[in-house]
1. Any chance you could check the Cα centroid distance between the stretch 40-61 and the stretch 137-171 for me, in angstrom?
2. Cα extents of the stretch 11-56 along the three principal axes, largest first, in whole Å?
3. What order, most packed first, do the peptides 131-143, 89-101 have when packing is the mean number of other Cβ atoms within 10 Å of each residue?
4. Any number yet on Rg/Rh for the chain, C-alpha, Kirkwood?
5. Determine, for each peptide in 18-24, 196-202, the mean count of other beta carbons within 10 angstrom over its residues, then list the peptides with the highest first.
6. Skip the ligands, DNA and RNA, and give the accessible area per residue of the stretch 125-208 with a 1.4 Å probe, whole Å².
7. For the stretch 70-208, with all protein chains present and a 1.4 Å probe, just round the carbon and sulfur fraction of the accessible area to a whole percent.
8. Once you order the gyration tensor axes a ≥ b ≥ c over the Cα atoms, which shape class does the stretch 85-177 get: rounded for a/c under 1.5, otherwise prolate or oblate by comparing a/b with b/c?
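The values are calculated or read from the model by the stated rules, or taken from the named source; none is laboratory data. Just so we're clear, the structure is a prediction, and the values are computed from it rather than from any experiment. A quick note on method: Cβ atoms are made from the backbone with ideal geometry, for glycine too, and the neighbour counts reach across all protein chains shown. When the accessible area is computed, the model is the full protein with side chains, heavy atoms only, and any ligands, DNA or RNA have been set aside. Shrake-Rupley method; radii C 1.70, N 1.55, O 1.52, S 1.80 Å.
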Amino acid sequence: MTDAGTGRVSAVTSAVARQVHELRAARGWSFEELAGRSGVSKGMLVQIEGARTNPSIGTLCRVADAFGVSIARLLEPAEERGVRISAAADAPVLWQGDRGGTARLLNGLGEPDLVELWEWRLQPGEGHRSPDHPRGTREILHVLAGTATVTVDGVDHDVRAGETIEFHADREHGYRTSGDEPVRLVMVVVTPSGEWDRRTRSRGPRPS
């Protein structure tokens, strides 16, 4: 990894550590409470708050869901800006495939619902499986190149370049390449606001 790439990972790790600590402290939650709500182990949460690990995309999803915020919120730097323009090359890579594929979180909004914009690049033979998201979550994928096979609730859907698929993402789903061509797609994830408790599979209001 280049020095610039290492710097971006370090910045992401530090931002997540700070945001998780602040969000947890604001709610008065112990590590045990957050672990129960998110399904992420207490040990991993301690590592995250100590900026001693670069959490996976699945871990970030679970922690963000528990707080009722977007993943983008967990990656926010300390300073806030009214207008922000960012380059795709500067967006954090939150998933890397074993053949060179990547998933970048381009941006996200936190009000009134949670909205995230992603760019995925999958090499032939690569795929990603995602657990169910909080109830009411929907995803929209637009394929820019190649053909993606999107699996929702065990059913495969082939989506070709120029086509768009929209589906309920509060059930198991995944994406993979179909054929020998790389796939590039953009994805929008929309999740209703509110803290999600995986123990009871219920949503509570997000603190104001």
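1. The stretch 40-61 and the stretch 137-171 have Cα centres spaced 28 Å from each other.
2. 26, 20, 13
3. Packing proxy ranking, top to bottom: 131-143, 89-101.
4. Ratio of gyration radius to Kirkwood radius: 0.96.
5. Answer by packing, highest mean first, reads 18-24, 196-202.
6. 50
7. On the way: 3620 of 7440 Å².
Result for the stretch 70-208: 49 percent of the exposed heavy-atom area is carbon or sulfur.
8. Here the stretch 85-177 falls in the oblate category.
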